[in-house]
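Worksheet for the structure shown next.
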Amino acid sequence: MASAFMIAAGVAATALAGRAILRHAQSGGAAGAGIFQHLKGMAGIGGGVDKGFDDPMSRTEAAKILGISSSADRDTVAKVHRKLMILNHPDRGGSPYLASKVNEAKDVLSGKTRTNPFR
């Protein structure tokens with residue numbers, strides 16, 4: 001019983017300390033300002049993305065979505081696409097929107113053109 005209490009107290013203390021550090025950094029604390037900007041960038045919170053997806057998707061944007069070079073060969077594109085779709089397939093709880101963007105990125109980098117009747 002005492003060990004469970006000690007674990008809970010440790011987790012609570014760590015959470016409160018982390019919260020205090022982040023609040024200090026966010027308010028412009030000298031040492032923590034750089035850390036907060038780094039965390040914002042990692043979390044995707046206002047870290048340089050000011051707009052949505054391009055319409056139509058460019059090769060550069062497609063490469064960023066798949067996380068590969070825009071000059072990658074078709075085998076590399078296919079392997080990365082397969083891996084991302086296994087991880088994010090809508091039938092397995094993934095986002096249909098993200099899956100459609102991954103598919104569109106594969107098509108752009110593979111040289112295939114898709115016609116979307118909804119655009």
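The values are calculated or read from the model by the stated rules, or taken from the named source; none is laboratory data. These numbers come from a predicted model, not from an experiment. What goes into the accessible areas is simple: the full protein's heavy atoms, side chains included, and nothing from ligands, DNA or RNA. Shrake-Rupley method; radii C 1.70, N 1.55, O 1.52, S 1.80 Å.
Worth a mention:
- Across the range 11-31, the number of residues qualifying as open to solvent by 100 Å² or more (accessible area, probe 1.4 Å), at pLDDT 70 or above and not β-branched (Val, Ile, Thr) comes to 3.
- A residue that is acidic (Asp, Glu), at pLDDT 90 or above, open to solvent by 60 Å² or more (accessible area, probe 1.4 Å) and under 21 Å from the mean Cα position of the chain (by Cα) cannot be found anywhere in the range 49-71.
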